[in-house]
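A quick write-up on the structure given underneath.
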Amino acid sequence: MLNVHGLKLEIEDPVDRPSPQKRCIMDEHNLDRRSFLRGLAGAAVMAAGLSEASAEEPPATTIKAGQNTVTSDIQKYRGLIGALRGFSATIIREHLALLERYRQKFSEVESSNRTIDLASANPLSCRWRDHVMAWVELRNSVRLHELYFDALTPKSVKPDQKIAKALQESYGSFDQWWIKFRATALAVRAWGVLAWDNQVRRPVIFGLDNDSEWPVGLDPLLVVDMAEHAYVLDFIGQPIAYLDAWLARVNWLVVESRLVSASEK
Ligand SMILES: [Fe+2]
């Protein structure tokens, strides 16, 4: 059983059956959330080389996943560990470990697609359905987490140029944008999102309860992870405080770059 931001997925893995220990790690619902994070991080931190001791090591991690070999670039985020005001090193390190686990599982799912019997495909229950659902869910989960971590910075970076103008024009002011964005994030269980809609040539705000819901045709500009694993260790019962701390660490230069790319399509 794989749980990706709240969605439980049955994944058959013909290449590498999970060991009892791995099964325990994957079965989030058999553990309280803190134990889940600790257990998950314990395995994935070692795989990703994200322990504090290894933070000084060169970023050359290679991970076996099924029959595939994928090169991890999680190390590019190691500068965020312990460097984001308001966020403990533990929560960032464990969240990155979770991302690594998603990447590993996505690689396993991709490598398994040649071994599944397509003749039995049906929309109720079959291994191919599990594979199709898992592919979308895990791919989005990896990409959404990359968008989240790519736009975090230890420095203070204010919105400027095109993104500041776009938010002003669409929402009246940055503060009005933030009120709507924050309310949207608080109303969902997975992701609060600012995206660019090229059809109407303006930014839009929406939210996701799970990773497979991404609306067609929208380009992500900024995402905030509203799953409890993203904040509960540091902000238990305080999602608004989490969002305020996150906003202060957003790298708006990254958001600006995403807007330029999206709007020039
Ligand atoms: Fe997350």
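Below is a table of values for the structure above.
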item: Region 196-265 and region 69-109: distance between their alpha carbon centers, rounded to Å; result: 18 Å
item: Distant-in-sequence amide H partners of Val157 (H built 1.01 Å from N, under 5 Å); result: Trp252
item: Distance between modelled label sites at Asp117 and Arg143, nm, 7 Å Cα→Cβ extension; result: 3.2 nm
item: Estimated inter-spin distance, Glu264 and Ala248, nm [label 7 Å along Cα→Cβ]; result: 3.4 nm
item: Principal axis dimensions, largest first and in whole angstrom, of region 161-263 by Cα; result: 37, 28, 21
item: Length released on extending from Lys165 to Asp209, taking residue separation times 0.36 nm less the Cα-Cα span; result: 12.9 nm
item: Leading residue at positive end of dipole, region 165-265 (Cβ point charges), from Leu208, Leu194, Ala262; result: Ala262
item: Karplus-derived 3J(HN,Hα), 6.51/-1.76/1.60, for each residue of region 122-129, Hz, glycine and proline x; result: 7, x, 8, 7, 6, 5, 5, 4
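Read-outs throughout are calculated quantities, based only on the coordinates presented, and are distinct from any laboratory measurement. None of these values were measured; they are calculated from a predicted model. For neighbour counting, all protein chains shown are included, and Cβ atoms are generated from backbone atoms with ideal geometry for every residue, glycine included.
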